[in-house]
1. Between R38 and R62, what FRET efficiency follows from the Cβ-Cβ distance if R0 is 22 Å, with the result rounded to 0.05?
2. What FRET efficiency, computed as 1/(1 + (r/R0)^6) with R0 = 45 Å and r the Cβ-Cβ distance, is obtained for A70 and R25, rounded to the nearest 0.05?
3. Which shape class applies to the stretch 107-159: rounded if a/c is under 1.5, otherwise prolate when a/b exceeds b/c and oblate if not, where a ≥ b ≥ c are the square roots of the Cα gyration tensor eigenvalues?
4. For the stretch 120-160, which trypsin sites (Lys or Arg not before Pro) are in a loop by DSSP, counting at most 15 other Cβ atoms within 10 Å?
Amino acid sequence: MPEQTGQATPAGQGEAANTGVDLARVALRAAKEQARARGAAAVQKKQARRGGLRSGARADGRDPLPLGAAINRLITERGWEAPAAVGGVMGRWPQLVGPEVALHCAPARYDEEECVLTVQCDSTAWATQLRLLAPTLVARLNADLGHGTVKLIKVLGPAGPSRSYGRLRAPGSVGPGDTYG
């Protein structure tokens, strides 16, 4: 039995050491942490009631931006760089190809997946001329927009006249081929 009391005494001495100043420090530390947590929760509640965070003296992501900077940020975030650049080409077409070519040829559409720019010409002569100028024009466009933005220029000639036969037409008909099925 003396062995059991000998083992109980050191454990009791350890508990006695923890019940003194050390235990008070542990309790104080826990109380401070709880107070900090309550304070942080109170600050979050207060900010939620006021409508969120408030802007301070330093610039952050919530500050207003000039319109140009906001549009550039939107274009970059959405990945619209290539379509926006091609749209700029559509607006600057006369400066890129020259005023004489721009009078007879106009960009119609741009296929982003295949990097093909389609151009509509008002005569077959101008369509042929633009087909001959296409490699030079592709190089000029890629120098302006970035390498690989335009790989091919598809040139369309003038559209033919519409096929309407006779003065009277049934709604939705496409001509003589739709009569018998």
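Bear in mind that the values in this text are calculations on the coordinates, not laboratory data. The model shown is predicted, which means the values in this text are computed figures rather than measured ones. Cβ atoms come from the backbone with ideal geometry, glycine included; neighbour counts cover every protein chain shown.
1. Taking R0 as 22 Å, the efficiency between R38 and R62 is 0.20.
2. For R0 = 45 Å, the calculated efficiency reads 0.25.
3. In terms of gyration-tensor shape, oblate.
4. Passing both the DSSP loop test and the Cβ count: K151.
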